[in-house]
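*Asks:* Got a structure for you, written out below as structure tokens; questions coming shortly.
The values are calculated or read from the model by the stated rules, or taken from the named source; none is laboratory data. Fair warning: this is a prediction, and the values are worked out from it, not measured in the lab. Using ideal geometry, Cβ is built from the backbone for each residue, glycine included, and neighbour counts are taken over all protein chains shown. Keep in mind that these areas ignore ligands, DNA and RNA; they rest on the heavy atoms of the full protein, side chains included. Shrake-Rupley method; radii C 1.70, N 1.55, O 1.52, S 1.80 Å.
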2 protein chains.
Amino acid sequence: MRDPLDVIIIGAGTAGLSALREMQKRTQHVVVINDGPWGTMCARVGCMPSKALIAAANAFHARHTFGELGISGSSGLAIDLPAVLRRVRALRDTFVAGNLDVTNALGDRAISGRARLLGGGRVSVNGTELRARRIIIATGSTPYVPKPWLALGERLLTTDSLFEQQTLPNRIAVVGQGALGVELALALRRLGLDVVAMGDGLTVAGLTDPEVNAVAISMLRHELPVALGDKAELSAEGAGVRVRAGRSDAVVDRVLVALGRRPNIEGLGLDALGVALDAAGVPRVDPRTLQVGDLPVFLVGDANGRSAVLHEASDDGHIAGLNASAERATFWKRRTPLAIVFSEPTVAMIGKKFVELDTSQVLIGEAHFEHQGRARIAQRDSGLLRVYADRQSGLLLGAELCAPAGEHLAHLLALAIERSLTVSDLLRMPYYHPVFEEGLRTALRQLSERLPTSQDSDLARCER
Amino acid sequence: MRDPLDVIIIGAGTAGLSALREMQKRTQHVVVINDGPWGTMCARVGCMPSKALIAAANAFHARHTFGELGISGSSGLAIDLPAVLRRVRALRDTFVAGNLDVTNALGDRAISGRARLLGGGRVSVNGTELRARRIIIATGSTPYVPKPWLALGERLLTTDSLFEQQTLPNRIAVVGQGALGVELALALRRLGLDVVAMGDGLTVAGLTDPEVNAVAISMLRHELPVALGDKAELSAEGAGVRVRAGRSDAVVDRVLVALGRRPNIEGLGLDALGVALDAAGVPRVDPRTLQVGDLPVFLVGDANGRSAVLHEASDDGHIAGLNASAERATFWKRRTPLAIVFSEPTVAMIGKKFVELDTSQVLIGEAHFEHQGRARIAQRDSGLLRVYADRQSGLLLGAELCAPAGEHLAHLLALAIERSLTVSDLLRMPYYHPVFEEGLRTALRQLSERLPTSQDSDLARCER
């Protein structure tokens, strides 16, 4: 290996591999150091296994619609939890294998070990010191578990251990009602388990719009008990766990902790960089460059604590890879914020969140899905979409939703916001019939009627 | 009623009601004449009942995925066809009721009867002559059935009669593999019937891209026999029908004829308008005005034979309503073409069709869904998306697809094309993970690499 290397990438998750891909277009003098199992968080314990679990849960849950649809015999359906978990792991293994192909190809330039920054382009790993012109830190994150709870041992699950279970006990508490908590509480319930969900906040799934939040909570409570607003307290009780939060009190077999993730920075030696660290011990980086101060160091993905979604981590790595290959860092425009929670109906937040709006300058258009034709036919007739637009110009600012086909509505809205479209611009696209997108049109028309630019047609005039 | 009226609308389907809604913003001196049952084709015998049938069919079909997902007992599921059809009609009735509310409110300005144009703003109905300053013709269409086949009587079904059946016999032939033929052949098969599908063309579902067409045909043939390329011949055989097309020969209980629809113009007296009629007996109208020549007559919806999709019929009526209210007709820009076939995977065509392209000026990007993460998790891992872009500018021109979540990909592409976006513009939106939209990104990146404007990033540079 040439000394100094062009770059050392610490962490082989989504952000690290994205940076690697970018660097490899220009140089092979790259080393990747990874602590713990290889394979991205997404593939190993994140997006992919959770979506596989949700797919089985929703398929089983669909039996409740069968009677009305004219299908009999659904009471004979049963879920085989060990089989569900085996499929989750089998799929996960193929996704992880895709990751491993990339790092295996690096040969001895893929190093297993815990890296420590020594400052000045120096990194120690396994007792050896490596030097590089640039360092990209992509150490990822770990599920947060309050220290006192660790004594509960195997009675405590996180996404690190959930998918490794051979089966699941009947009584599960899900503590934390952010994106992951909502997805998994609902999935476990739909797999037939006795689930209680608890969140210390009053909102769920990251929503900030009070009306959409209310719809999401009611969607959850339709299927399982949800206690909100109180911190959960856990204590061992026989072979199980007593979970208390406010007036809620339950004894369960396992507790799934979904209280968010914390950057993996312990022992990394960030203090050796000589820059200011925030309260969590992480240096601030500009998301447009990912550079730490003016150092030849970049901090990307979950490790920078900025956003915990895959496509942003991937962009982080890509930008850091581009900038670590150049003499000077370029500023890159980040994408319209987009967060999706794979509940059913789906929760999503696009562009500006409700809480970020100056509500005096905003009009809100909404669509309920109770009476929407396609939603009724599909028995997916509940949900709310709220779209935010500038009250003068009609510029689309953001949206929050808990709605059927919400992941798709979210992408359509994200494109519209990314392109700085107005309400009337978005009304001019074709909406087929009968589709869920007609719900979006309903919300847009409501906005259109109240805008000063209100017109007598969704269509544009044209020259002969 | 004031004489002359401001407008006579002939036909209370989607286009007619859309024109009515527009007129009613300005005048109440409107009469609507309708022949046959009130309620739109869409609600009575079109989009809505067919989607309700498809919803039941797909729900029942999903049992084939249960084993792999870890759900047992699917062999005990059974379909109750009379119940399926009852639900179809019950839903239909509520959708039709929505239509009827509008026309019932017209009181004696809603006239049941067959209208005949007398020329010069005069219309006769039920032996009475009405006069109006403008006439909007929205008489809709009727399923085409070759005359000799009519002798088969009740053994022949069309969408007019299909949803009225109390149950369905086991053996059904679907003749015609356009949008409707494909949707219903697949749905009836998934409801457990023994279905043979026949189309005299070599393409299905309206596709023109040979590769997407091949995927769609293979998707169909995976579930039922499909004979293409020969005209079907029908003859009575016992209580059933012998259906022959090329080497295909089957005896079935019923034949569903899905050979397209023809404008309802018989006896309407279009010749009284004194303008040229095409071979089908229909005058040409400019889709931007819907006006017949320079007459105070507008021809909208299926009756003008231009497009048989609801949102276009609705726009037709809207434009005619606007123009019939004005001194001079305004030209209105029509939306990006969008056609969706509700098979699963979905077929869709957006913007320019393959057959309309100058292929020497076009690059094609494609995505297969066999290896797409989300598609595999959902067991919806087959399909093809092909996106067409200008080979110099990267301008998005169109797409054809047979893909999971295809109806949603189609709307996203329709917005992009409507806004004249390029490949790189569309690559700059966020694509969440894991979603079907990532398949679109794959196709776009393939295009991007081959464009002269190819860049080192999907992202845009920005100022500090």
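*Asks:* Hey, could you check region A:102-124 for residues that are assigned to a helix (DSSP H, G or I) and not acidic (Asp, Glu) and say which is surrounded by the most Cβ atoms within 10 Å (Cβ to Cβ)?
*Replies:* In this case the residue turns out to be A:Thr103.
*Asks:* Separate question: Any idea how many residues of region A:191-203 are touching a residue at least 60 places away in the same chain (Cβ under 8 Å) and open to solvent by less than 10 Å² (accessible area, probe 1.4 Å)? Lay out the reasoning, then the answer.
*Replies:* Residues of region A:191-203 touching a residue at least 60 places away in the same chain (Cβ under 8 Å): A:191-192.
Those left that are additionally open to solvent by less than 10 Å² (accessible area, probe 1.4 Å): A:191.
Adding up the residues that qualify gives 1.
*Asks:* Something else now. Among (1) out of contact with any helix residue (DSSP H, G or I) (no Cβ under 8 Å at 6 or more places or on another chain); (2) within 11 Å of chain B (Cβ to nearest Cβ); (3) in a helix (DSSP H, G or I), where does A:Asp93 come up short?
*Replies:* Among (1) out of contact with any helix residue (DSSP H, G or I) (no Cβ under 8 Å at 6 or more places or on another chain); (2) within 11 Å of chain B (Cβ to nearest Cβ); (3) in a helix (DSSP H, G or I), A:Asp93 violates only (2).
*Asks:* Moving on to the next point. Among the residues of region B:225-247, are any at pLDDT below 95, of a type outside the set (Gly, Ala, Ser), assigned by TED's automatic domain parsing to the domain that holds B:Leu180 and over 23 Å from the mean Cα position of the chain (by Cα)?
*Replies:* yes
*Asks:* Okay, next question. Quick check, is A:Asn99 closer than 30 Å to B:Arg89 by Cα, open to solvent by less than 50 Å² (accessible area, probe 1.4 Å) and within 22 Å of the chain's Cα centre (by Cα)?
*Replies:* no
*Asks:* Of the residues B:Gly373, B:Gly394, which is touching a residue at least 12 places away in the same chain (Cβ under 8 Å) and closer than 26 Å to A:Ala59 by Cβ?
*Replies:* Within the list B:Gly373, B:Gly394, the selection yields B:Gly373.
*Asks:* What about A:Thr159, is it closer than 28 Å to A:Val355 by Cβ, in contact with a Leu (Cβ under 9 Å, 6 or more places away or on another chain) and surrounded by 16 or more Cβ atoms within 10 Å (Cβ to Cβ)?
*Replies:* Yes: the conditions hold for A:Thr159.
*Asks:* For region B:57-73, enumerate the residues that are open to solvent by 30 Å² or more (accessible area, probe 1.4 Å), at the interface with chain A (Cβ under 7 Å from one of its Cβ atoms) and assigned to a helix (DSSP H, G or I).
*Replies:* B:Ala62, B:Thr65, B:Glu68
*Asks:* When A:Tyr431 is evaluated against the numbered criteria (1) out of contact with any strand residue (DSSP E or B) (no Cβ under 7 Å at 6 or more places or on another chain); (2) touching a residue at least 24 places away in the same chain (Cβ under 8 Å), which criterion, by number, is the only one it fails?
*Replies:* With respect to (1) out of contact with any strand residue (DSSP E or B) (no Cβ under 7 Å at 6 or more places or on another chain); (2) touching a residue at least 24 places away in the same chain (Cβ under 8 Å), A:Tyr431 is out only on (2).
*Asks:* For region A:62-82, check the following and say yes or no: at least one residue is within 24 Å of the chain's Cα centre (by Cα) and within 30 Å of B:Tyr432 (Cβ to Cβ).
*Replies:* no
*Asks:* Of all residues in region B:429-458 being modelled with pLDDT under 95 and surrounded by 15 or more Cβ atoms within 10 Å (Cβ to Cβ), which is farthest from A:Arg419 (Cα to Cα)?
*Replies:* B:Ser457
*Asks:* Within the bounds of region B:233-242, is there any residue that is aliphatic (A, V, I, L, M) and exposed (fewer than 14 other Cβ atoms within 10 Å of the Cβ)?
*Replies:* yes
*Asks:* Let me confirm something: among A:Val252, A:Val285, which residue is among the β-branched types (Val, Ile, Thr), crowded, with 23+ Cβ neighbours inside 10 Å and assigned by TED's automatic domain parsing to the domain that holds A:Gln24?
*Replies:* A:Val285
*Asks:* Does A:Pro452 satisfy the condition of being farther than 22 Å from B:Leu310 by Cβ, over 27 Å from the mean Cα position of the chain (by Cα) and not polar (S, T, N, Q)? Break it down into steps so the answer makes sense when it comes.
*Replies:* Details: farther than 22 Å from B:Leu310 by Cβ: yes; over 27 Å from the mean Cα position of the chain (by Cα): yes; not polar (S, T, N, Q): yes.
Here the answer is yes, as A:Pro452 does meet what is asked.
*Asks:* Here's another thing I want to ask about it. Would you check if A:Pro337 is open to solvent by 20 Å² or more (accessible area, probe 1.4 Å), modelled with pLDDT of 95 or more and closer than 29 Å to A:Leu118 by Cβ?
*Replies:* No: the conditions fail for A:Pro337.
*Asks:* If you don't mind, another one. Are any residues in region A:377-396 more than 17 Å from A:Val215 (Cβ to Cβ) and surrounded by 20 or more Cβ atoms within 10 Å (Cβ to Cβ), and if so, which ones?
*Replies:* Passing the criteria: A:Ile377, A:Ala378, A:Ala389, A:Gly394, A:Leu396.
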